[in-house]
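Bear in mind that the values in this text are calculations on the coordinates, not laboratory data. The structure presented is a predicted model; accordingly, all values stated were derived computationally and were not measured. Ideal geometry is used to build each Cβ from the backbone, glycine not excepted, and the neighbour counts take in all protein chains shown.
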Amino acid sequence: MINRVLFYNSGGGVGDAIQILPLINTLKTEFKNAKFFYLCAHENHFNSTLSDLNCRINTLDLGVKYFGFRWWHALTIKDKIKEHNIETFDLIIDLQSKIRNSLILKMIPHKYFISSCLNFKFSKPNLNLKKEKKINKTILNAINYIFKTNYQLNEYNVDKIDKKFFIESEKLLPKNNYIGFSITKGNVYRKKDWPLNNIVELCNEFIKNNKTPVFFIEKKNQELKINIKNLIPSALFPEHETDLSSPALVTCLGKRLDFAISIDNGVMHMLSLSKVPMIVLFGPTDAEKFAPEHEGTTVLDSNKLYKTSNISSISVEDVLLAAKQHLNFSY
């Protein structure tokens, strides 16, 4: 019987956490009596930034900053386990693939250990499985193999979100013909930006077809908002017109859109929870690994289109062609 489950996610971004929501939902449904814990090198977004999605999970606090990212953590882990009275876990799920992190994580007492690192080399028991691009599928395949089950991924249900966010989204976007844009990156070290002049050109085409551009930009990015507003006067910035501030609001606003265009960032994942049709632009990051999978998603990957990781190589015409497939409008 599975009574204690630990998820380890070394990624620090909100998007990394949102991506594993289906896996967490599935195991919460299947292991009904289990207690679930979350260990991350950074913060537990499910109990902070993402708390309004109502998928909370216990934080495992070992008193170690950036757990798993330093070899010396292996020298202290036994003392930390004793100090914090950590009991044995029935199942530890490693959601990352760094050898160092996996080896240190495996020192936490457990019965079963699932890690896709080095083709499941560190898993217990040994697994002879194919690693999938999507981590949710990889882990669920391993669970089904070990426990001889046939669990299916349970997608996140937006009905878990408080109704106040749906009501607010209807106030902010009360009409139709909205097209969403998310153009800011979360990781400043990755060159994911798509040129602003391309976005302006794109919006001008949409406006000709009676569409209203809606930009998802945090309130702190006032300078970018003002710049876009000067270039695209009809653009809307709903997050700047409300006292609410939450990824849950972004997800609910996604339900008000005809479709959305986004680079690979946290907002892309927030919008994907709403199942809004999307055109997602990829370059330096792995589209097969990170792109949303729901029906209506069109992936434009510069690596496949132009054999370069430079996302700027994706043209306005490429995006317009994808948009035409979504809405069948002319340009």
**OP:** Starting from one equal scatterer on each C-alpha and no solvent at all, send me the Debye-based log10 I(q)/I(0) for region 1-121 at q = 0.10, 0.11, 0.12 Å⁻¹, two decimals.
**Re:** -0.28, -0.34, -0.41
Original post:
What Kirkwood radius, in Å to one decimal, follows from the Cα pairs of region 99-157?
Top reply: 12.2 Å
**OP:** For region 174-284, just list the percent of Cα-Cα distances falling in each 5 Å bin from zero outward, please.
**Re:** 2, 12, 24, 26, 23, 11, 2, 0
Subject >> Phi to ³J(HN,Hα) by Karplus 6.51 cos²θ - 1.76 cosθ + 1.60 over region 75-83, Hz, x for Gly, Pro >> reply: 7, 10, 4, 4, 5, 5, 5, 5, 4
Original post:
Expressed as cubic angstrom per residue, what is the convex hull volume of the alpha carbon set of the chain?
Top reply: 144 Å³
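Do any of LYS160/LYS289; LYS130/LYS307; LYS35/LYS80; LYS175/LYS324; LYS208/LYS307; LYS32/LYS219 go past 28 Å between their Cα atoms, and which? Before the final figure, lay out each step's value.
Details: LYS160/LYS289 26 Å; LYS130/LYS307 26 Å; LYS35/LYS80 20 Å; LYS175/LYS324 21 Å; LYS208/LYS307 32 Å; LYS32/LYS219 39 Å.
Violating the 28 Å Cα-Cα cut-off are LYS208/LYS307; LYS32/LYS219.
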Original post:
Per 5 Å bin, what percent of the C-alpha pairs of region 43-98 does each bin hold, from zero upward?
Top reply: 4, 15, 19, 25, 21, 12, 4, 0
**OP:** Would you work out the relative contact order for the chain, in percent, from Cα pairs under 8 angstrom that are 6 or more residues apart?
**Re:** 15 percent
Original post:
Of the listed peptides 319-326, 35-42, 219-226, what is their order by residue-averaged count of other C-beta atoms within 10 Å, with the highest listed first?
Top reply: 35-42, 319-326, 219-226
Original post:
Which distance in nm do the two modelled labels at SER313 and LEU153 give, with both placed 7 Å along the Cα-to-Cβ direction?
Top reply: 2.8 nm
Original post:
Dimensions of region 231-331 along principal axes (Cα, Å, largest first)?
Top reply: 43, 32, 28
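Based solely on its DSSP helices, what 222 nm [θ] is calculated for the chain when runs of n ≥ 4 H residues each add -39,500 (n - 2.57) and the sum is averaged over all residues, nearest 500 deg cm²/dmol? Before the final figure, lay out each step's value.
On the way: 13 runs with 116 residues, N = 331.
Rounded to the nearest 500, it is -10000 deg cm²/dmol.
Using the per-residue mean of other Cβ atoms lying within 10 Å as a proxy for protection, in what order, highest first, do the peptides 249-256, 301-308, 126-133 fall? Please report the intermediate quantities before stating the final value.
Details: 249-256: 24.2, 301-308: 15.0, 126-133: 13.2.
Put in order of decreasing packing, that is 249-256, 301-308, 126-133.
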Subject >> Within the chain, percent of DSSP bridges classed antiparallel, to nearest 5 >> reply: 5 percent
